[in-house]
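Report on the following structure.
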Amino acid sequence: MPWNDNKGGGWTPGGGGRGPWGQGPGNGSGGGRGPNMRPPDLDELFKRLNEWLKRMFPQQTPRGIMVAGIGGIVLVGWLLTGIQIIPPAEQGIVLRFGSFVQTLEPGFHIRLPVPIETVSRVNVGEARQVNIGFRASAEGERVSSSNPARDSLMLTGDENIMHVTFTVQWQVTNALDFLFQVEDVEHTVEAVSESAMREFVGQTPVDQIMTVNRGKIETQVRETTQRVLDAYKAGVTIIGVSLQTTQAPQEVVDAFNDVQAASSDRDRKINEAQKYANTVVPRAKGEAAKIEQDADAIKQQAITLAKGEAQRFVSVYDQYKSSPQVTRERLYVETMQRVLSKAHKIILDGRNGQTVLPYLPMQGLGLRPTHPPTVSQPSTQGGAQ
Amino acid sequence: MNRLTLAGVVAAVALFVAFNTFFVVDQAQQALVVELGNPGRIIREPGLAMKVPFFQNVIFFSKRVLVLPGESGLIITQDRKNIIVDAFARYRISDPLQFYKSVRGTEDMARARLTPVLNASLRRVLGEQQFRALLSGERSVLMRAIRDEVSAGAKTLGVEIVDVRIQRSDLPESNLPAVFQRMRAERQRVAEGSRAEGDQKAQEIRSTADKEATVIKATAQQKADIFRGEGEAERNRILGDAYGRDPEFFSFYRSLQAYEEAMSGETTTMVLSPDNPFFKYFQKGQTGGR
């Protein structure tokens, strides 16, 4: 009540019985002009006002004029409490005798003075953040836990225990609801989102929490929190939920790390095998191509040679056909000439040698003595027929 | 001066009466007007309101959704597992008169009455569940069941339970070592499985590659043999065509070629009979013929 603030007031002249009237507006003007003024400043203000009044109205001034003067100043001060300046990103909720009248957008407004209308300002542009399960380094952010190491432990769907910390970003979207519908909205946001997080973490196996399902959990928590807060008519919008850390407790962290290591071992082994496959198969293909080409070459060679051979024969044969006897004789004689001209020849008369074993002087034949001479014995009758 | 003093006194009295007549119900409030101790009107709409001065007084109640923090407590589920559950509720004063009668209109009293109700129904509803149910989609169903149960108990207090939510559900501290041991074993199993899978997949890839290589080479060998056969066949056909014109001459011609090839070496020593046809003119000279 206004007159409780009268400690510092020096309202000696004529102010006697009019306490409430005198100080009410004075207090109101202080509160209305700047909501950031605090009671100690008011005391200071009254003192200065008192001194100023003494200078303005010396002892000689009649009391009536003085009272009127004070009254006028107080009245003006009171009316000034109707001036409202709403900073950007804020909204002002106007209550007339406690009842909502209007929402003020940023800017300059003239309203009815204080006891009749009061304005509560709410920052609706600011994205507010609450960290759950860990302490943020930045000051001024709300933190849910006094013992983060233990309090961020959550039970997962497969009855494992994980450290889960996350942040919730939210914003006031309905200043009226924010102010009047729910007690302690900030704490409510925190409690509801933590509850939702624990609910969904409790449905998700640990492997999925650490990997694939993070985004899904974030979405679910955001939607659930929003739904619950809407049911409370909290007037806020959850902008986002983001998981900060999901890690195993200290006691088992090495086992979890080993899973990671095993996973990369597996990948490495597979990669190595893939590398092997990538060399073996092309190499086999190369070898296969060589085998095929070689065989093809042999085929082509055989055919080409055959063609040549055939052609040669045909040429000879054509010639032969024109004069068979002569050609035949000539071919025989020519060949024998070539064969016999190179070979060592021994001509034995078979009829003389019937009884006497002919002695062949092998050494004299010009053969190397160490090697017994090979004697080829072409059929003596060969061609004799 | 006297008139001024009188006016002051009158103004003070008027003000005092006015303060006792008019009252403001805030946007977040509802009010109950009590006449000489007997509850009367309920004012739910915010704004300026009046009452009979001195005979009536006003009690204000919050219209907001209010916090009912729960206590964390040990719950034994139906399958005899211990779990520490901590829940909170949100409530609203729906019937100020009832609220006033039952808890003398103070929120502290209301909390003191509601908290045991919340805890009891938490214990009862969750105690009938399997442990697994708490870690599943059923949780929201359970929360609704608890809410309905607490609502029934809260009706006599003039309070409406807006929501009950399970905040935490943790295993007792004494269970943690066992849980950590199990987690460790599970992780080891996963790691081993992962490594074995790596070996298996690697082996599969390698053997598939080897098989593929073998098949590729065999196919090539097959083609090569076909080529060779084709070459051979073609060769035979070509030569057959050529030689087929005169098999007798071919035999002669080819034999001559073979003699030349076979006996071309300088080391060949031939013992020849003078009867050899090659020598037919060697002996007979000019006589000719045979």
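No lab work stands behind these numbers, since they all come straight from the coordinates. For clarity, every value in this text was computed on a predicted model and none was experimentally measured. Cβ coordinates were reconstructed from backbone atoms using ideal geometry, including for glycine residues, and neighbour counts include every protein chain displayed.
Given a cut-off of under 8 Å on Cα pairs at least six residues apart, what relative contact order in percent is computed for the range A:128-247? Intermediate values should be presented prior to the final figure.
Working: 211 pairs, mean separation 39.3, N = 120.
Reported relative contact order: 33 percent.
If we count GluC sites (Glu not before Pro) as exposed when they sit in a DSSP loop and have at most 14 other beta carbons within 10 Å, what is the longest stretch of chain B that avoids them all? Can you show the working numbers first?
Working: sites that count: B:GLU71, B:GLU128, B:GLU266.
Value returned for the longest uninterrupted segment is B:129-265.
Rank the residues A:TRP78, A:TRP170, A:TRP52 as a footprinting-exposure proxy: fewest other Cβ atoms within 10 Å of their Cβ go first.
On the way: A:TRP78 19, A:TRP170 26, A:TRP52 11.
Ordered from fewest to most neighbouring Cβ atoms within 10 Å, A:TRP78, A:TRP170, A:TRP52 come out as A:TRP52, A:TRP78, A:TRP170.
List the equivalent ellipsoid semi-axes of the range B:66-170 in whole Å, largest first, each obtained as the square root of 5λ for an eigenvalue λ of the Cα gyration tensor. Working shown, then result.
Numbers: eigenvalues 145, 29, 21 Å².
Computed over the range B:66-170, the values are 27, 12, 10 Å.
Would you mind computing, in nm to one decimal, how far apart the modelled labels at A:ILE116 and A:ASN50 are, each placed 7 Å from Cα along Cα→Cβ?
Going by the 7 Å Cα→Cβ label model, 3.2 nm.
Please list, ordered by chain and number, the residues whose modelled amide H lies under 5 Å from the amide H of A:ASP184; skip anything fewer than 5 residues away on the same chain.
When sequence neighbours closer than 5 places are left aside, there are no close amide H contacts.
I'd like the FRET efficiency for A:THR304 and A:ARG338, computed as 1/(1 + (r/R0)^6) with the beta carbon distance as r and R0 of 22 Å, rounded to 0.05.
Details: r = 26 Å, r/R0 = 1.19.
So the FRET efficiency works out to roughly 0.25.
Can you give me the long-range amide H partners of B:ASP163? Hydrogens built in the peptide plane at 1.01 Å from N, cutoff under 5 Å, separation of 5 or more residues or another chain.
Residues meeting the criterion, in which the H sits 1.01 Å from N, are B:ARG90.
Once both axes come from the Cα atoms, what is the angle between helix B:2-21 and the longest principal axis of chain B, in degrees from 0 to 90, rounded to 10?
Orientation of helix B:2-21: about 50 degrees from the principal axis.
Hey, which of these cross-link pairs are over 31 Å Cα-Cα: B:LYS81/B:LYS201; A:LYS299/A:LYS345; A:LYS216/B:LYS81; A:LYS299/B:LYS201; A:LYS269/B:LYS211; A:LYS47/B:LYS51?
Numbers: B:LYS81/B:LYS201 41 Å; A:LYS299/A:LYS345 41 Å; A:LYS216/B:LYS81 29 Å; A:LYS299/B:LYS201 43 Å; A:LYS269/B:LYS211 19 Å; A:LYS47/B:LYS51 39 Å.
Over 31 Å apart, Cα to Cα: B:LYS81/B:LYS201; A:LYS299/A:LYS345; A:LYS299/B:LYS201; A:LYS47/B:LYS51.
From the phi of every residue in the range A:207-221, what ³J(HN,Hα) in whole Hz does the Karplus formula 6.51 cos²θ - 1.76 cosθ + 1.60 yield, where θ is phi - 60° and glycine or proline is x?
So the J values, rounded to whole Hz, are 4, 6, 4, 6, 10, 6, 9, 4, x, 5, 4, 4, 5, 4, 5.
What does the charge dipole of chain B about its Cα centre add up to, to the nearest 20 debye, if the Cβ of each Lys and Arg holds +1 and the Cβ of each Asp and Glu holds -1? Spell out each step's value before the answer.
On the way: 41 positive and 35 negative charges, 376 e Å.
So the magnitude is around 1800 debye.
As an exercise, use a Förster radius of 51 Å and the Cβ-Cβ distance of B:GLU45 and B:ASN175 to find the FRET efficiency, rounded to the nearest 0.05.
On the way: r = 53 Å, r/R0 = 1.04.
E between B:GLU45 and B:ASN175, to the nearest 0.05, is 0.45.
What translational D, rounded to a whole number of µm²/s, comes out for the range A:275-342 from Stokes-Einstein when the hydrodynamic radius is the Kirkwood one over Cα pairs, at 4 °C and 1.567 mPa s?
Stokes-Einstein gives a translational diffusion coefficient of 80 µm²/s.
Convert each backbone phi in the range B:29-34 into a coupling constant with the Karplus relation 6.51 cos²θ - 1.76 cosθ + 1.60 (shift: θ = phi - 60°), then list the ³J(HN,Hα) values in order as whole Hz, x for Gly and Pro.
10, 10, 9, 10, 8, 10
Give me A:MET154, B:MET109, B:MET270 ranked fewest to most by other Cβ atoms within 10 Å of their Cβ, as a rough exposure proxy. Intermediate values should be presented prior to the final figure.
On the way: A:MET154 24, B:MET109 14, B:MET270 17.
So the residues, fewest neighbours to most, are B:MET109, B:MET270, A:MET154.
Determine, for each peptide in B:86-97, B:37-48, the mean count of other beta carbons within 10 angstrom over its residues, then list the peptides with the highest first.
Highest mean packing first, the order is B:86-97, B:37-48.
From the residues B:LEU157, B:GLY231, B:PHE249, which one has its Cα farthest along the dipole of chain B in the positive direction, the dipole being from +1 and -1 charges on Cβ of Lys/Arg and Asp/Glu about the Cα centre?
The one lying farthest along the dipole's positive direction is B:LEU157.
Using only atoms on other chains, find how many Cβ atoms lie within 10 Å of each Cβ of peptide A:246-255 and report the average. Can you show the working numbers first?
Numbers: counts 0, 0, 4, 4, 1, 7, 9, 1, 2, 9.
That works out to 4 on average.
Name the long-range amide H neighbours of A:LEU112: under 5 Å, sequence gap of 5 or more, or other chain; modelled H, no Pro or chain starts.
Hits under the 5 Å cutoff: none.
Taking only Cα atoms of the range A:140-267, what ratio of Rg to Rh do you get with Rh as the Kirkwood inverse-distance radius?
Working: Rg = 16.7 Å, Rh = 15.8 Å.
Expressed as Rg/Rh, it is 1.06.
Place a point 7 Å from Cα of B:LYS280 in the direction of its Cβ. Which residues in the range A:288-324 have their backbone N less than 16 Å from it?
Label zone hits: A:324.
Could you give the Stokes-Einstein D for the range B:1-153 in µm² per second, using the C-alpha Kirkwood radius, 37 °C, 0.692 mPa s?
174 µm²/s
Return the sequence-ordered ³J(HN,Hα) values of the range B:252-262 in whole Hz as given by the Karplus equation 6.51 cos²θ - 1.76 cosθ + 1.60 applied to θ = phi - 60°, using x for Gly and Pro.
Here the 3J(HN,Hα) series is 4, 4, 5, 5, 4, 4, 5, 4, 4, 5, 5 Hz.
With r defined as the distance between the Cβ atoms of A:ASP294 and B:ALA258 and R0 fixed at 22 Å, what FRET efficiency is calculated, to the nearest 0.05? Write down the numbers at each step before the final one.
On the way: r = 29 Å, r/R0 = 1.31.
Efficiency at R0 = 22 Å is approximately 0.15.
When only DSSP loop residues count, what trypsin sites (Lys or Arg not before Pro) in the range A:153-222 have their Cβ near at most 12 other Cβ atoms within 10 Å? Walk me through the numbers on the way to the answer.
Details: sites: A:ARG198, A:ARG214, A:LYS216, A:ARG222; in loops: none.
Sparse-neighbourhood loop trypsin sites (Lys or Arg not before Pro): none present.
Rank these for me by crowding, B:PHE55, B:PHE131, A:PHE178, going from fewest to most other beta carbons within 10 Å.
Working: B:PHE55 10, B:PHE131 20, A:PHE178 23.
Sorted ascending by nearby Cβ count, the order is B:PHE55, B:PHE131, A:PHE178.
Pairing the Cα long axis of helix B:107-127 with the longest principal axis of chain B, what angle in degrees results, from 0 to 90 and rounded to the nearest 10?
So the helix axis and the longest Cα principal axis differ by about 40 degrees.
Sort out for me the Cα centre separation of the range B:20-57 from the range A:165-206, rounded to whole Å.
For the range B:20-57 versus the range A:165-206, the Cα centre distance is 35 Å.
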